[in-house]
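Contents: one structure, followed by commentary.
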Amino acid sequence: MIEKRTYKQWYDLYLALFAGIMIAFPKMVGIAIVPILLFVVIGLVKGKIQFKFSWMALLLILLYLGYLIGTLFTNNPDLANKYLEYKLSFVVFPLLLSFRPKEQDFSIPIISTGLIIGVAITMIYGVFNSFTCALNEGTSCFLTVIISPVHHPTYFVSFILLGMLASWIGYQKKWKGYSLLWIIPFSLFALAIQVLSLSLAGILFLMITISVVFLNVIIKKWGKIIAAASVLVFVILGYLTVNYVPQIEGEWNNAKWYANEYLKNPSTFVAGRTNPMSGTEQRLVMWTVTWEELKDNPLGAGTGNVDIVLGNRLRNLGQFELADKELNPHNQFLQTGVEIGVGGLIVLLLLIGCGIFKGLRDRNGLLLLMSSGLAFNCLFESMLQRQSGIVFFSFWICLLMVSQSLKHEE
């Protein structure tokens, strides 16, 4: 006889499905949230769930309130309302996932499986997209946004890395179905896609993560002396990667040269840039004008006003073409500070910092990786401006913060 599933089992399975949908089919997220609400309502009626509010959930809601208050000062109400719609996840997930099953926390193993399947589907679609393009355009189709057509490469690399780590944690913890027969090929495929996505920030964080994981394993098995020797090997491998892998070498050398020129005289560097600019040049220019705006207006310019205030500063520096592109600062910390002020920036820093602290304290590898990865990538991208990033990080922050340490998962 087929065993009848419990309410909690069905809820966990649906959260796993949702974790996959947000990766593979992000346009369906709005509809896919509705069944989560239905599970909460049914759970309340049947007495299967209880409300336990997390202080981390409060930080996300406070962040949303900052954007909501910022609409009172906006000069771009249409864009401000659009941002509020995108960032509703800062409220929806903290509230919905605070209703937790009474018998046990959400099943991270099952939900992680949904994440891994979603990542795998999206990677396969990316390869198919690249092959289709290559029929007419050549091998360059296997790089950047063509190999990552669903999400911005930096975002997708973050999603892939979390899926990779989940697979290895599952193997280590002996989660049901987690076998090296599929984990090894999945990980190799994932590594290849991350490199081909050509997100310099993503590749750097990948290298840091792999180094830390291997060092931890080496220290436990062979001691600190072997670990020290391994550090030397990692440094050599890193050096070879950034100096002899053609695409990465070019990005790295450009970044070094621009950084040196910038440090000599930031104002002269910004005023002297001419179009077309490289991605590194654009970032340095945008970071400079954003920092100046934050210093002059620490209370924030208002939700949706970032493009306006930064555009004005760029035009004052003679960067008219860059101003017309309406680029974001490519740094979430600066973006948040300029938009909703130093108070909002503090909330964001607390949110990420507490995630890292709890991940370390509870030995929760997924929470630690996600929080530290978000912190690192926020230095180079506005990770919480696109809906795919907002939904992904809000969901997983809330899910992992309310769950017990992974050492208790089976």
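The values are calculated or read from the model by the stated rules, or taken from the named source; none is laboratory data. Quick caveat: nothing in here was measured; it's all calculated off a predicted structure. Virtual Cβ from ideal backbone geometry, glycine too; neighbours counted across all protein chains shown. Calculation scope for accessible area: heavy atoms of the full protein, side chains included, ligands and nucleic acids excluded. Shrake-Rupley method; radii C 1.70, N 1.55, O 1.52, S 1.80 Å.
Looking at the structure I just gave you, is residue 252 buried (at least 16 other Cβ atoms within 10 Å of the Cβ), at pLDDT 85 or above and over 18 Å from residue 123 (Cβ atoms)? No.
Restrict the check to the range 363-381 and report whether at least one residue is touching a residue at least 24 places away in the same chain (Cβ under 8 Å) and on the phi > 0 side of the Ramachandran plot. Checked the range 363-381: at least one residue is touching a residue at least 24 places away in the same chain (Cβ under 8 Å) and on the phi > 0 side of the Ramachandran plot.
Out of 17, 63, 13, one residue alone is at pLDDT 95 or above and open to solvent by 70 Å² or more (accessible area, probe 1.4 Å). It is 17. Please determine, by comparing only the residues of the range 390-408 that are closer than 15 Å to residue 354 by Cα and of a type in the set (A, V, I, L, M, F, W, C), which one is modelled with the lowest pLDDT. So, considering only residues that are closer than 15 Å to residue 354 by Cα and of a type in the set (A, V, I, L, M, F, W, C), the one modelled with the lowest pLDDT is 402. Count of the range 349-386 residues, restricted to those that are under 19 Å from residue 287 (Cα atoms) and either surrounded by fewer than 18 Cβ atoms within 10 Å (Cβ to Cβ) or not acidic (Asp, Glu) (or both), is 13.
For the range 1-11, the condition holds for no residue, the condition being that it is under 27 Å from residue 126 (Cβ atoms) and in contact with a Phe, Trp or Tyr (Cβ under 7 Å, 6 or more places away or on another chain). Restricting to the range 358-382, give me the number of residues that are within 18 Å of residue 399 (Cβ to Cβ) and under 15 Å from the mean Cα position of the chain (by Cα). Summing the residues that are within 18 Å of residue 399 (Cβ to Cβ) and under 15 Å from the mean Cα position of the chain (by Cα) in the range 358-382 gives 9.
Among (1) open to solvent by less than 10 Å² (accessible area, probe 1.4 Å); (2) more than 24 Å from residue 129 (Cβ to Cβ); (3) among the small types (Gly, Ala, Ser), where does residue 197 come up short? Result: residue 197 passes all but (2).
Within the range 363-372, is there a residue that is in a helix (DSSP H, G or I) and among the polar types (S, T, N, Q)? Checked against the condition, which is being in a helix (DSSP H, G or I) and among the polar types (S, T, N, Q), the range 363-372 yields at least one hit.
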